[in-house]
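Here the structure is laid out as structure tokens; the discussion comes afterwards.
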Amino acid sequence: MKELDLNGISYLRPLEGTSEWYYALDYARGDLYEEQELYEEGKTLSGNHFFLVHFPDGEKYCPFPPTENIAFSDPVYYDQKISFLAVDFRAGKIRIQQFSCADHTVEEIGVLPLESVKDCYNLRLTVHPLTLTRQPNDGTLELIWPEKRTISIHERESYYYRDENDLYFSIWFEDPDYREETVIRDAVTGEIRKTMPGDMQIMPNGEIWYLK
């Protein structure tokens with residue numbers, strides 16, 4: 001039996017698109033949005049414990065130690081790298097970091113002022129290509145980095161990934177039974193190009209499988 005000291009975190013989450021990497025991230029104070037609320041109330045944030053674990057050898061990596069008033073997002077795997085957000089509330093910065101699966105180094109590939117977004121609600125990295133997005137509950141999707149654009153969507157749509165000039169969304173219905181559909185929108189205009197029954201899933205080898 002392997003033993004991993006993850007500072008009390010008793011679960012590993014798989015990274016979509018790879019069968020080799022898992023992560024452990026504590027949420028003692030909640031997600032990025034909840035951390036932001038606490039900081040703005042004058043609370044001091046203790047910082048997340050964040051680990052990357054390689055399978056099957058169980059090698060553990062800590063990209064950054066817990067730091068006061070810095071909160072991390074869930075990571076994403078893309079192009080042999082693991083990317084994540086480090087939101088520095090004290091400095092007012094959103095930092096996009098990348099961990100190389102090849103040489104285990106960490107590189108900062110983007111920095112944005114925190115004021116460039118209304119708040120951290122549903123602020124996350126997505127892939128194909130790596131993109132910083134935010135989806136508030138107001139019928140919009142915000143593309144924030146590396147390009148900036150806002151498109152209108154249905155309030156029941158959830159953004160999934162991008163393939164060149166196509167944005168893929170999942171939308172749910174209860175009429176009366178629950179079902180899901182895939183919506184493909186133009187990345188520039190936001191107009192719907194196609195709607196299909198079913199949903200999508202990223203497989204361990206990085207392929208997108210369409211399930212209908």
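Read-outs: derived from the displayed coordinates by stated rules, not from any lab. The structure presented is a predicted model; accordingly, all values stated were derived computationally and were not measured. Neighbour counts run over all protein chains shown; Cβ positions are idealised from the backbone, glycine included.
Values as computed for the structure displayed
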| item | result |
| --- | --- |
| Interchain or long-range residues, amide H under 5 Å from R193's placed H | I184, R185, D186 |
| Relative contact order [Cα under 8 Å, 6+ residues apart], segment 171-212, whole percent | 27 percent |
| Which of V188, V106 has the fewest Cβ neighbours within 10 Å, and the rest in rising order | V188, V106 |
| Order of I109, I82 - criterion: other Cβ atoms within 10 Å of each residue's Cβ, fewest first | I109, I82 |
| For segment 1-123: relative contact order, % (alpha-carbon pairs under 8 angstrom, 6 or more apart) | 19 percent |
| Net lengthening on full extension, M196/K2 (0.36 nm per residue, minus Cα-Cα) | 65.4 nm |
| Value of relative contact order over the chain, rounded to a whole percent, pairs C-alpha under 8 Å and six or more apart | 12 percent |
| Environment charge of Y168, counting only residues whose C-beta is closer than 13 Å and scoring Lys/Arg +1, Asp/Glu -1 | -4 |
| Trypsin sites (Lys or Arg not before Pro) restricted to DSSP loop in segment 1-93 with at most 13 other C-beta within 10 Å | K2, K43, R90 |
| Cα centroid separation, segment 158-212 to segment 31-81 (Å) | 28 Å |
| Entries of K93/K148; K43/K81; K81/K212; K118/K194 with Cα pairs more than 24 Å apart | K43/K81; K81/K212; K118/K194 |
| Estimated [θ] at 222 nm from DSSP helical runs (n ≥ 4, -39500 (n - 2.57)) normalised by residues in the chain, nearest 500 | -1000 deg cm²/dmol |
| Anisotropy class of segment 122-212 from Cα gyration tensor, a/c 1.5 cut | oblate |
